[in-house]
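Below is one structure, written out as structure tokens; comments come after it.
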Amino acid sequence: MFLLGITGGSGSGKTTLLHAAERLGACALDCDAIYHGLLQSDAALLEALRAAFPAAFVGGTLSRPALAAEVFSDREKLLRLNALTHGHVERAVRARLRQAEAAGTRFAAVDAIALFESGLSRLCDKTVAVLAPLDVRVARLTARDGISADRALARIHAQPSDGEFSEKADFILQNSGSIAEFDTKCTEFLKGVYPMEETKYEALRKTLLADPKNGYDRISEADRAAMEPYIRDYMDFISTCKIEREAVDWTIAEAEKAGFVALKPGMSLKPGDRVYGNNRGKSVIFAVVGSEPLDNGTHICAAHIDSPRLDLKPNPLYEDSELAYFKTHYYGGIKKYQWTTTPLALHGVVAKKDGTVVKVTVGEDANDPIFCVTDLLIHLAADQMKKTLAEGVTGENLNILLGSRPLKDDEGADRIKFAVLCLLNEKYGITEEDFLSAELTMVPAGPARDVGFDRSLIAAYGHDDRVCAYAAFRPMLELGTPKKTAVCVLADKEEIGSEGISGMQSHYFETFMHDLCKATGACLHRCFEHSFCLSADVSNAYDPIYGETCDKRNNTRINYGTGIFKYTGARGKSGSSDAAAEVMAYVRRLFSEQDVIWQTGELGKVDQGGGGTVACYMANRNIETVDAGVPVLSMHAPMEIVSKLDTYMTYKGMKVFYGSSD
């Protein structure tokens, strides 16, 4: 559907052009009329206006003349009014355009003074500014609205100037003659702008063929404004939480600030209650009780908070050639050569024999040392360079360089190892034997960073899968009382098959959900049977440098929104839950109706490889499940890259899903 955006100041003649478009068969949208209608039907908008402009409410009712007088005399107040209303108006415009397109309408026109400021111009194929002499505009406003010339001038001067309209619009239409003359001029203009004659199959092509567009050509101004603050918060989270224990501690602390309490057996819960379950400090589940019984099911977002890394072996500390090292055993799927010469930080815990647990973090503060795996200089790498990438650096040689200086006057054996252990003992009180009961890991050091001149991308360690974990968790803090109980699962051990007591295959999920159901008088199995899960995990973004590995038609792309995946798995869909068509249709409809920018894909070419998520383990519990998440460049590398737009849209999708009544 072709959309023409009409703009210009009050009294310029925009409505005449809009009516001319309507006579030619266009769907005509008057944003002033839409706004006035929302004032009668949108309770949230009215409450926002009441909070911002209390003086405009007379006897509890909004007085439009009073509001106009207040904002047109104060530009800051006008900007505040626009910020409150533009998002509501845009959503209504999008909804009406969808209805018109579904009804087969070929053309549409939208009339808005703030066409560019509101972001509606991004929906338009072409834009036109209607201009008229100042005295003509004043005369029209005084006659039409019954206001004084001074009030009319104040309104005009509060709006963009003719120069601003002219600079931004594709076309300029001067309205300096009679009404009849301008009406004729409008019709002639529209016939030149609208594609009045289509080829035989053009309309059918538009109906039948998919036409994916870059998200930045589709995102609303409201979403664009909300995106950056969300991204900054996410970057703080991903920079702080490098391992699953840190993610659990952080999310519980934030949840408790928002009123969540630990779920205890025997508790009685009511709609709106907020609870969580902490599974041994390594995975966590949050729930907000909905207004419907849990027998009707829940809306679950399940993500994982572990990432590929280098774990220390049980006896890690050794010395060779007067250099101290840690021995490591890599965790998850990695390209081993990528970890050489990468700045690393030490994270984890040491559980001592006396029962105390010491948290360890070294390498993140600007004053901390960092660590690394050394590499072989190119001058001596003739033999190494003949090996495959998998053989060039072996897992057994991913040893972490720790130090080289002995203690003064120490003449014993392993002086460097001893000096390092003395430093660890001084700061953390640990001995070499304490490594036997430690969970210590090496991860890339440093915070998340913007990527590119336009800062549209984020580089960080552990986007897989904490970018989806944060998107699943953040809406829980913002939910009121949903219709269906909302559940956020942040699991461990996904990178090694979701095994173990803190993985998604653990019965801890059943235990938590059993307690939740019992607290509300529901049956666990009925709850599972009627629940729906978004398995929130990342996918590979199409990378043209390695394009031969992917089916471009069926691969997610950067800036095309959150990905929805019918199946993951490897080769013949092994390890996949393979969602039903009806499940995919539900998510498509939900995201499209709520302006969530989304795409679909699969993980590479059929015989190239593949990968799994927690989806199959949720589906095995008789829960309808589909994968959804952020496309990632350089996935499983020490530094991964995601798009800010895709990251935000995944959060928006999770939030919409939690709040859905279906």
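Just a few scattered comments:
- Listed by position, the strands (runs of 3 or more DSSP E) enclosed by the range 286-332 include none that has at least 3 residues that are farther than 30 Å from D662 by Cα and polar (S, T, N, Q).
- The condition of being buried (at least 21 other Cβ atoms within 10 Å of the Cβ), within 17 Å of A287 (Cβ to Cβ) and touching a Lys or Arg at 6+ places or on another chain (Cβ under 8 Å) holds for only one of M504, M513, that being M504.
- Restricting attention to the range 189-232, the residues that are surrounded by fewer than 11 Cβ atoms within 10 Å (Cβ to Cβ), within 24 Å of G8 (Cα to Cα) and at pLDDT below 90 total 1.
- Of the set (1) part of a helix (DSSP H, G or I); (2) farther than 27 Å from S118 by Cα; (3) among the small types (G, A, S); (4) open to solvent by 50 Å² or more (accessible area, probe 1.4 Å), all apply to S268 but (1).
- Only a single item in (1) open to solvent by 30 Å² or more (accessible area, probe 1.4 Å); (2) modelled with pLDDT under 95 is not met by A615, and it is number (1).
- Cross-chain or 6+ apart pairs with Cβ under 6 Å, the range 353-373 first and of a type in the set (S, T, Y), then surrounded by 13 or more Cβ atoms within 10 Å (Cβ to Cβ): T361/H347
- The single residue among E548, E529 that is out of contact with any helix residue (DSSP H, G or I) (no Cβ under 8 Å at 6 or more places or on another chain) and touching a residue at least 60 places away in the same chain (Cβ under 8 Å) turns out to be E529.
- For the range 91-112, the condition of being within 30 Å of A44 (Cβ to Cβ), open to solvent by 40 Å² or more (accessible area, probe 1.4 Å) and aliphatic (A, V, I, L, M) holds for at least one residue.
- Looking across the range 408-444, the residues that are under 40 Å from the mean Cα position of the chain (by Cα), part of a helix (DSSP H, G or I) and within 18 Å of K327 (Cα to Cα) come down to L424, F435, L436, S437.
- V349 vs. criteria in contact (Cβ under 8 Å) with a residue 12 or more places away in the chain, β-branched (V, I, T), part of a strand (DSSP E or B) and closer than 27 Å to A637 by Cβ: yes
- Any chance G333 is touching a Gly at 6+ places or on another chain (Cβ under 9 Å) and either in contact (Cβ under 8 Å) with a residue 40 or more places away in the chain or open to solvent by 30 Å² or more (accessible area, probe 1.4 Å) (or both): yes
- Matching residues, the range 32-73, being in contact with a strand residue (DSSP E or B) (Cβ under 8 Å, 6 or more places away or on another chain) and assigned to a helix (DSSP H, G or I): D32, L39, L46, L49, R50, A56, A66
- Test for P314: is it touching a residue at least 24 places away in the same chain (Cβ under 8 Å) and over 30 Å from F512 (Cβ atoms): yes
- Residue count for the range 356-392 under the criterion of being β-branched (V, I, T), touching a strand residue (DSSP E or B) at 6+ places or on another chain (Cβ under 8 Å) and either loosely packed, with under 11 Cβ neighbours inside 10 Å or more than 16 Å from Y428 (Cβ to Cβ) (or both): the result is 3.
- Among (1) open to solvent by less than 20 Å² (accessible area, probe 1.4 Å); (2) assigned to a strand (DSSP E or B); (3) closer than 25 Å to S661 by Cβ, the one test that Y276 misses: (1)
- Annotation: T127 fulfils all but one of (1) open to solvent by 20 Å² or more (accessible area, probe 1.4 Å); (2) assigned to a strand (DSSP E or B); (3) not aliphatic (A, V, I, L, M); the unmet one is (1).
- Residue tally, condition more than 36 Å from the chain's Cα centre (by Cα), surrounded by fewer than 18 Cβ atoms within 10 Å (Cβ to Cβ) and among the basic types (K, R), over the range 141-180: 1
- Failed item, numbered, when V606 is tested on (1) of a type outside the set (G, A, S); (2) within 25 Å of E90 (Cα to Cα); (3) open to solvent by 10 Å² or more (accessible area, probe 1.4 Å): (2)
- The conditions of being at pLDDT 90 or above, in contact with an Asp or Glu (Cβ under 6 Å, 6 or more places away or on another chain) and open to solvent by 10 Å² or more (accessible area, probe 1.4 Å) are met by N554.
- Restricting the range 21-42 to residues that are of a type in the set (A, V, I, L, M, F, W, C) and closer than 22 Å to K77 by Cβ leaves a set whose member that is modelled with the lowest pLDDT is L39.
- In the range 243-256, the condition of being open to solvent by less than 80 Å² (accessible area, probe 1.4 Å), of a type outside the set (F, W, Y) and assigned to a loop (DSSP other than H, G, I, E, B) is met by at least one residue.
- Single match in T105, T85 (criterion: among the hydroxyl-bearing types (S, T, Y), in a loop (DSSP other than H, G, I, E, B) and within 25 Å of K14 (Cα to Cα)): T105
- Condition check for S121 on (1) of a type in the set (S, T, N, Q); (2) under 20 Å from K168 (Cα atoms); (3) modelled with pLDDT under 90; (4) open to solvent by less than 30 Å² (accessible area, probe 1.4 Å): one failure, at (3).
- Residues located in the range 375-422, provided they are in contact with a Ser or Thr (Cβ under 7 Å, 6 or more places away or on another chain) and either under 20 Å from H347 (Cα atoms) or without any contact (Cβ under 8 Å) to a residue 24 or more places away in the chain (or both): L398, N399, I400, L401
- Within the range 642-662, the presence of a residue that is open to solvent by 10 Å² or more (accessible area, probe 1.4 Å) and more than 30 Å from R274 (Cβ to Cβ) is excluded.
- The residues of the range 573-597 that are open to solvent by 60 Å² or more (accessible area, probe 1.4 Å) and in contact with a strand residue (DSSP E or B) (Cβ under 9 Å, 6 or more places away or on another chain), listed by number, are K573, S574, E582, R588.
The values are calculated or read from the model by the stated rules, or taken from the named source; none is laboratory data. A quick note: this is a predicted structure, and the numbers were derived from the prediction, not measured. All Cβ positions, glycine included, derive from the backbone under ideal geometry; neighbour counts span all protein chains shown. With ligands, DNA and RNA removed, areas are computed over all heavy atoms of the protein, side chains included. Shrake-Rupley method; radii C 1.70, N 1.55, O 1.52, S 1.80 Å.
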